[in-house]
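Each value in this text was obtained by applying a stated rule to the coordinates, not by laboratory testing. This one's a predicted model, so the numbers in the text were calculated from it and none came from an experiment. All Cβ positions, even for glycine, are placed from backbone atoms using ideal geometry, and neighbour counts span all protein chains on display.
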Amino acid sequence: MGVPNTLSDSRRYLWRQLAQWHYRLSEAKCSMKTYHHGDLAAALLRAASALLEKEGVSGLSLREAARRAGVSHNAPYRHFPDRDALLTALAAEGFEILTSEMRGQTSRAMGEAYVRFAVDNPQRFRLMFGGPLSIEKHAALRNAGQAAYQTLVDAFNEIPHPERAAAAAWSLMHGLAQLLLDGHFSGAVAKAGGPEIFVREVLSAVRFALTR
């Protein structure tokens, strides 16, 4: 009778060992997912972007961005050594998206794309042009902003002094976007039938917007 008991105990022991091994393997796989999250930087930026629009700059943290991205709270530091680095990356990415949306458009369509981006991404737009970031201190941000400006310059390269025309266009577009974000023109927007129609009508009334 002692031998069967010994075999039974051995089997139970083996099952326990297998169960523990399986648990540790599963835990290791979860850990691998946490620290090797595909394109980790892109995932963190997506999560941070959504958090920024919901909570504003003051509510954005590396830990919360990591939680929303489904990675460990230490994972962001591989790409963003501090909160300021994450904010800079968000702002630079914002300029890259804006440039992409304006590129190849007519001057008027570029203006509409610019204001639309601001209205759709108000917190990121404010971060790009102010907030806690200094464009002089961050080369990536400065370069991304310059690329956006160059897109405007290229749109006016067939007229004299395209840089001045681009500066005028940017000033108008940015001022209109900022006024809309701050709640001005609410009555005019409602009367026009929505912000997109209002923006189109405003840009159409400006001479430089009719150059193409």
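In the stretch 114-145, which residues are under 15 Å from Glu101 (Cα atoms) and of a type outside the set (A, V, I, L, M, F, W, C)? Spell out how you get there, then give the answer.
Initial filter on the stretch 114-145 (under 15 Å from Glu101 (Cα atoms)): 114-121, 125, 144-145.
Tyr114, Arg116, Asp120, Asn121, Gly145, listed by residue number.
Which of the numbered conditions does Leu181 fail, given that it passes all the others? Conditions: (1) over 26 Å from Arg83 (Cβ atoms); (2) touching a helix residue (DSSP H, G or I) at 6+ places or on another chain (Cβ under 7 Å); (3) not polar (S, T, N, Q).
(1)
Just to confirm my filter: which helices (runs of 4 or more DSSP H) fall fully inside the stretch 99-198 and include at least 3 residues that are within 23 Å of Glu55 (Cα to Cα) and in contact (Cβ under 8 Å) with a residue 60 or more places away in the chain? So that I can check it myself, show each step before the final result.
Details: elements: 107-120, 122-128, 139-155, 162-181, 186-192.
Counting at least 3 such residues, we get 107-120, 122-128, 162-181.
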